Amino acid sequence: REGGASSAVDFLFSAARGCQTDLPVVLLRAHAAREGLVESIRKTGGGLRVLIQSYDAFASVRAAESGVPVLTSDEWSQDMARAIFLPRFIPEQEAQDWPAVWEAVGGHPAHLRQLSELIVEERKVIEAERLKEEKEEEQAERHRQKLRPGRNPDAEEYLEIAKQQSRDDSFRADARQPEGAVELVLRRLPELMKEEIDAVERQLQRFAVHPSLPGLLPSGSGKRVAALNLKLKELAEGVAVEGGFQDVDPLALALLETNLLVPKWHPRRRLVTPNQLTRSLLVAWADALCERLSFGQWLGCHL
């Protein structure tokens, strides 16, 4: 519709006012519509029943405090994620790669699915390369047979021994097992998940210029930089909320307003990072604050 998401939602609410029966509606990415969406739904009344999906953490806090039931999706536990991932995408003989997968993306279902698809594609590439090498070796062998037909069995045996020796020497020169699909994907993860990483970096940029931060961000004091670094790392691990979400300290509130922290209500009120990727990048950003410090001050960020 002309006018975008807000115009379409207004039209929907106007039509719902005349509905005499219950009308269930699901709004996906409702943060794209406009501010005051919950209040508009309240005014509509009638039989309208709305389920709103949004990535706006602060909007969910405001909705909950106005009496709207809020449901949140949590990350999978490591046991659950491992049971689904192994052996579907990582065979049991490569189970040692699982800790690296968990460290990279945690239990975020969408990230795990994306990673599983990347691993499947990487295995196809590895298999295609293996078949190509075998085919090239067979062609080379046929070529040698044409050049020297009728070679006696002893010569054939010595040739096979020489080829095996060459393969063994090549293996010893490398001294490493060939990289598997999981390792190859994880090495390229910043490139393969560029869209997700760019989205978190934009959130960090908004956080860095948040209006409440001038009094919090360091102005040159090494001790203040180290204190901010440690506080951000502490918040990245999650924090319990005793009162209302809007009553948390200004640093946590700024992280909440930029979606670097999200609210959870069950089993207790708390603020957590949305996923492992966000958590890792937030910690890396905090560590980057310390890079310009002297060595003695830098130690304060890491001890």
For this session: Name every residue in the stretch 100-114 that is over 16 Å from residue 181 (Cβ atoms) and either assigned to a loop (DSSP other than H, G, I, E, B) or open to solvent by less than 20 Å² (accessible area, probe 1.4 Å) (or both), in order of residue number.
Result: 106, 107, 108, 111
Seminar exercise, completed: In the stretch 86-99, anything outside any loop (DSSP other than H, G, I, E, B) and open to solvent by 60 Å² or more (accessible area, probe 1.4 Å) is listed as 92, 93, 96, 99
Problem set entry | Matching residues in the stretch 269-295 - criterion: being surrounded by fewer than 19 Cβ atoms within 10 Å (Cβ to Cβ), modelled with pLDDT under 90 and in a helix (DSSP H, G or I) | 287, 288, 295
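The values are calculated or read from the model by the stated rules, or taken from the named source; none is laboratory data. Note that this is a predicted model, so its numbers are computed, not measured. Heads up, the Cβs are rebuilt from the backbone with ideal geometry, glycines too, and the neighbour counts pull from every protein chain shown. These accessible areas exclude ligands, DNA and RNA; they are computed on the full protein's heavy atoms, side chains included. Shrake-Rupley method; radii C 1.70, N 1.55, O 1.52, S 1.80 Å.
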